[in-house]
1. Could you please find all residues in segment B:173-192 being without any contact (Cβ under 8 Å) to a residue 12 or more places away in the chain, of a type in the set (D, E, K, R) and over 16 Å from residue B:125 (Cα atoms)?
2. Can you confirm whether segment A:262-270 contains a residue that is under 24 Å from residue A:101 (Cβ atoms), touching a residue at least 24 places away in the same chain (Cβ under 8 Å) and out of contact with any helix residue (DSSP H, G or I) (no Cβ under 6 Å at 6 or more places or on another chain)?
3. From A:137, A:223, A:202, grab the single residue that is open to solvent by less than 20 Å² (accessible area, probe 1.4 Å), away from chain B (no Cβ under 14 Å) and either touching a residue at least 60 places away in the same chain (Cβ under 8 Å) or among the aromatic types (Phe, Trp, Tyr) (or both).
4. Of (1) within 12 Å of ligand 1 (Cβ to nearest atom); (2) aliphatic (A, V, I, L, M); (3) over 17 Å from residue B:8 (Cα atoms), residue B:32 satisfies all except one. Which?
5. Considering segment A:145-174 alone, what residues qualify as being under 17 Å from the mean Cα position of the chain (by Cα) and open to solvent by less than 40 Å² (accessible area, probe 1.4 Å)?
6. Kindly indicate which of A:243, A:251 is under 24 Å from residue A:27 (Cα atoms) and modelled with pLDDT of 95 or more.
7. Do any helices (runs of 4 or more DSSP H) lying entirely in segment A:177-275 carry at least 1 residues that are under 19 Å from the mean Cα position of the chain (by Cα), and which ones are they?
8. If residue B:56 meets every condition in (1) away from chain A (no Cβ under 14 Å); (2) touching a residue at least 60 places away in the same chain (Cβ under 8 Å); (3) closer than 24 Å to residue B:223 by Cα apart from one, which number is that one?
Amino acid sequence: MASRLINLRPNRRVAIALATLPFILSILIYLVFSAARLAENPNDKVLPAPSSFVETFERYVLEPDVRTGDYLLWSDTLASLYRLGSGVAIATLVALVFGIGLGLVPVVGSVFSAFVTAVAMVPPLAVLPILFIALGLGETAKIALIAIGIGPVIMRDLALRVAEIPREQLIKAQSLGASTWQIVWRIVLPQVLPRLIDSVRLVMGQAWLFLIAAEAIAAQSGLGYRIFLMRRYLSMDVILPYVFWITLLAVASDLLLRLLRTWAFPWARGETKAP
Amino acid sequence: MSNVVVDNVWKEYETQVVLERISFETGEHAFVAIVGPSGCGKSTFLRLLMSEERASRGTITIDGEALPPEPTPERGIVFQRYSVFPHLTALQNVLVGLELRDGNFFGRLFGRRRRQARAAAAEMLDHVGLKDASSKYPAQLSGGMQQRLALAQALITKPKVLLLDEPFGALDPGTRKDIHALLLRLWRETQMTVLMVTHDLPEAFTLATRVIAFDRLRNRPEEKAAYGATITFDVDLEAERRWQTMVPQAPVAEAAP
Ligand SMILES: Nc1ncnc2c1ncn2[C@@H]1O[C@H](COP(=O)(O)OP(=O)(O)O)[C@@H](O)[C@H]1O
Ligand SMILES: [Mg+2]
């Protein structure tokens, strides 16, 4: 038995048990407080009883909405994922092209470097009204907000990653007769793709933030729209499961990106920085 | 044919003269070792030879032709580190040389040309003793194997001149001996001229046909910026070896107990 705390390592089974402990604990705390409040006032809406979550589940997942005929959780999820996916995809693509340009080609760097730095400083939410005015209240403005919000961050990160590629490799490629485009396709692009995935993983949280903000302000569907709609009725029995569901989606997308990275880039295993 | 002629080359940065009055001619199929203290400008000199930078004064020619303004396949290079591409397997690392030289816009070859290139790359890999490692990534190879791979990669395009910047500096002595033998074999099999920077004098004297030393002649602090390193020492080992074979001597090797 180690005498120092820093040398004390739980074995695998204990580690799993320890990891689930905080989750179980917070559920228990919720149940205790919920029961206490409901005992005082059966109409209390702040901490609904577990049974009301089951009702929500039935209403939103299993039965179509009386007004629209949609299964609300699914239609909200699809609407949100479409916006999120489009925004992230556009941001990633643009960031990839410009990031490689900025990091690799000095002329592109001279023209755009200061501009991108300045644009990255604009608070995206401050741009939201402009987007709604210019692009209308439809999907375009929401997708644009996400893309504008995370694009410059990914772009700058990628430009740094490209600039980090050792000078020796670029000289080497040239000494093998490579043109600039061949260097991009064969040397730079494959090496920054795993880093691009890391970058995207890190900005996904922000992407969700912009999505929910845009949906809160102007939308007829979407996870963020539903949460802010239900806020008016203090419907915690809907809001809490929605928040839980969004968290689950975020965790799943992070996991998928991580799996994609290890699967697609076996050479880059072990250099992941984010856990 | 690969005669490198360096004529009165200077390299100055804004604040500092790094190299001055460098002149020599390698002759064909030479193996020149460049030695000198750390920071005296050996890597800078190779960067000039690679067209990564331009000489401030003077000219460098290969077989009578001035150096092109950019790196080209007639000059191969191996660095101490980062010579091979981490995202390609050993075989791909060698193959990529042919794909970049002969391939399309995307740096790819197809069909029969690809198969021929693959076969050539596999043969080269076998030649440097890495046949069994062909599907491994550089991170999975030892330091010595990585430098073997770097040699294979540099030589697949058959450069006229091979530049080496302390290529074996990070290797342990045993590994180094093996790779020395490999380098000599590769040099003898081709017509290329080798210029190798090293800080290891025994290495320079065992491998090279000629050893050139760079050093600063003026080293007082107030002179440091205004004067660069130049050639302080130039031994033609071939001539020495020839001389030794001409003059009958006590057979050293046999006299040893
Ligand atoms: N871009 C540069 N600007 C100014 N000084 C430089 C530059 N590159 C190299 N030097 C100087 O040139 C000298 C020689 O460097 P280098 O060629 O790397 O030496 P070596 O390879 O012999 O150890 C060093 O003193 C370094 O400070
Ligand atoms: Mg050096």
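1. Filtering segment B:173-192 down to residues without any contact (Cβ under 8 Å) to a residue 12 or more places away in the chain leaves B:173-174, B:177, B:181, B:185, B:188-189.
From the residues that got through so far, the ones that are of a type in the set (D, E, K, R) too are B:177, B:185, B:188-189.
Within segment B:173-192, B:177, B:188 qualify.
2. Yes: one or more hits.
3. Numbers: A:137 fails: open to solvent by less than 20 Å² (accessible area, probe 1.4 Å); A:202 fails: open to solvent by less than 20 Å² (accessible area, probe 1.4 Å).
Criteria check complete, one pass: A:223.
4. Failing condition for residue B:32: (1).
5. To start, the set of residues in segment A:145-174 that are under 17 Å from the mean Cα position of the chain (by Cα) comprises A:145-155, A:157.
Selection gives A:145, A:146, A:147, A:149, A:150, A:151, A:152, A:154, A:155, A:157.
6. The match here is A:251.
7. Working: elements: A:180-183, A:189-217, A:223-231, A:236-264.
Because the criterion is at least 1 residues that are under 19 Å from the mean Cα position of the chain (by Cα), the helices (runs of 4 or more DSSP H) in segment A:177-275 that meet it are A:189-217, A:223-231, A:236-264.
8. (2) is the only condition that residue B:56 fails.
The values are calculated or read from the model by the stated rules, or taken from the named source; none is laboratory data. These figures come from a predicted structure and were not determined experimentally. Note that we place each Cβ from the backbone using ideal geometry, even for glycine, and neighbour counts take in every protein chain shown. All accessible areas refer to the heavy atoms of the entire protein, side chains included, with ligands and DNA or RNA removed. Shrake-Rupley method; radii C 1.70, N 1.55, O 1.52, S 1.80 Å.
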